[in-house]
Each structure stands twice: as structure tokens, then as C-alpha cells.
Amino acid sequence: MTRIGVVVFPGSNCDRDTLRGLELAGAEAVPLWHEQGDLDGCAAVVLPGGFAYGDYLRAGVIARFSPVMRAVAAFAGDGGLVLGICNGFQVLAEAGLVPGALLRNRGLRFLGRDVRLGAERLDTPFTSLVGDGRPLRMPIAHGEGCYFADDATLDELERDGQVLFRYVREDGTRAGVDQDAANPNGSLRAIAGVLNARGNVAGLMPHPERASDRLLGSDDGLPILRSLVEAAARSERATPALVGAR
């Protein structure tokens, strides 16, 4: 069974949800403590939601300096699969592992509600099993989820296929920016998730692990987790020497 690591920072509060979601997706999910310097032989890594180090100074800015993030950065540099969810996305952005930044929500209030999400690409390690492209329903829970980058970077992301998810309306059309409930945090170009240039690191603000079982009200997030598990299993078979490197 493919081992997927879930990093646990002080203040993480979605690590157990993520471990359970990955188990439902078919992985052997293992916690990785923030002070450890290796990834314990894992074939992929997830940075979960929460408030790493209390989100002091700025969300994710302290967590990026933790010992485990040195191992995560090296793993990603070797082509390892890394997914950041909500606070994990913020950590990846602060660490420079994905482009852009996550700013305060446009309304300057913490938001916790369901949103609709559209996958821009279905050919990535994080979306290959998403299916027909219908809007996915899953929750958000963040105060700093407004995706921001300068126009040149946004154009580059669009050109190179690095926009992974967008906020959409129920009919699947792209949400607007101003006064559009479908894009509650005001993210530029309705971006809800992005890829790095190599395509092996992704971050998204909505929580697929909180939508991994119908008992939770939706299992629309499960295909995202299953996509990661399947891709990690393939990479593990192809390059076993790199798994858990450094």
C-alpha cells in the first residue's frame, strides 16, 4: 500500500481528517511531525489545513522554516508529489513552492461554507480521477484565501496551464471577483488552486478531505485524494530510490 505523509504542524487541525481521507482513497496515511528531517519513506506528502504555528505574523510564514519543510522542498525538487490544502497551500506559497500569495479575504472576515469548484485540467496527478468536469462541492474555512499575483504572473499561469482549480457557480461558469458569492474570498481570476511549473506540487484552498465521505454531506473531494494516491503509486513503482529521499 502506498504511503502518503501528512505533515503535522503545531496548530494543524485538519491532519486527522486528511489522514482519514487518504485512507478512504486507498493509501497508508502516516503523520509526519514538523520537527523531523525526513519523510519516512512516503511516496507523496500533504500539508493539511489549520493554523500552523498559530498563523502568527502571517499564515504559513513561520511553518515554512520548520525542519520538515526542508525535506518537503528537497522532495519536491526531485519531482515528488506534494499537495497543500488551505493552510498547507499558504505554507507552500510562503515557501515559494507554488506561485502567488494568499491574502486576507476581500470581506476581511473568516469564511466557512460550501463552494463549487471546477477543475481546469484533468491530466494532472491531482485531478486525473475527477471525471466529467462537473462542479465539485466542498467546504472552505479560511481568513486568508484570496489568491493574488501580479498580472504578468497570472497571464503566465494561464498560458502554462498552472491554474488547477477555479471557483465556479452551480452551473459551472466561472465566478467573478467583485460581489460574487461563488468567489467568496475575491481570488483574482477566481483561482482556487494552482500548480508549480513542473506540475508535481499543487495547492488549493477548499478542503477535499472534508468532502471525502457522503456522511459528511459530499464526497466530491475524494477523487482529488484518489488521484494523488494513484499518481504516487505510479511514481513509487517507477522511481523507488527517490521515495522519501533526504
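The values are calculated or read from the model by the stated rules, or taken from the named source; none is laboratory data. Everything numeric here is computed off the predicted structure, so don't read it as measured data. Reconstructed Cβ throughout: ideal geometry from the backbone, glycine too, with neighbour counts over all protein chains shown.
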Check your understanding: In this structure, does Arg16 turn out to be of a type in the set (Lys, Arg), surrounded by fewer than 24 Cβ atoms within 10 Å (Cβ to Cβ) and either touching a strand residue (DSSP E or B) at 6+ places or on another chain (Cβ under 6 Å) or touching a residue at least 24 places away in the same chain (Cβ under 8 Å) (or both)?
Key -> no
Practice item. Would you be able to tell me the number of residues in the stretch 28-67 that are over 18 Å from Asn200 (Cα atoms), at pLDDT 95 or above, of a type in the set (A, V, I, L, M, F, W, C) and buried (at least 24 other Cβ atoms within 10 Å of the Cβ)? Key: 1
Practice item. Taking the options Leu122, Leu97, Leu102, name whichever one is touching a residue at least 40 places away in the same chain (Cβ under 8 Å), of a type in the set (A, V, I, L, M), out of contact with any Leu (no Cβ under 8 Å at 6 or more places or on another chain) and in a loop (DSSP other than H, G, I, E, B). Key: Leu97
Exercise for review: Tell me which residues, restricted to the stretch 166-198, are crowded, with 19+ Cβ neighbours inside 10 Å, assigned to a strand (DSSP E or B) and not hydroxyl-bearing (Ser, Thr, Tyr).
Suggested key: Arg166, Val168, Ile191, Ala192, Gly193, Val194, Leu195
Check your understanding: Mind checking whether some residue in the stretch 108-115 is among the small types (Gly, Ala, Ser) and modelled with pLDDT of 95 or more?
Key -> no
Revision key, fill the gap. Over the stretch 140-160, the set of residues surrounded by fewer than 20 Cβ atoms within 10 Å (Cβ to Cβ) and either hydroxyl-bearing (Ser, Thr, Tyr) or part of a strand (DSSP E or B) (or both) is Ala141, Phe148, Thr153
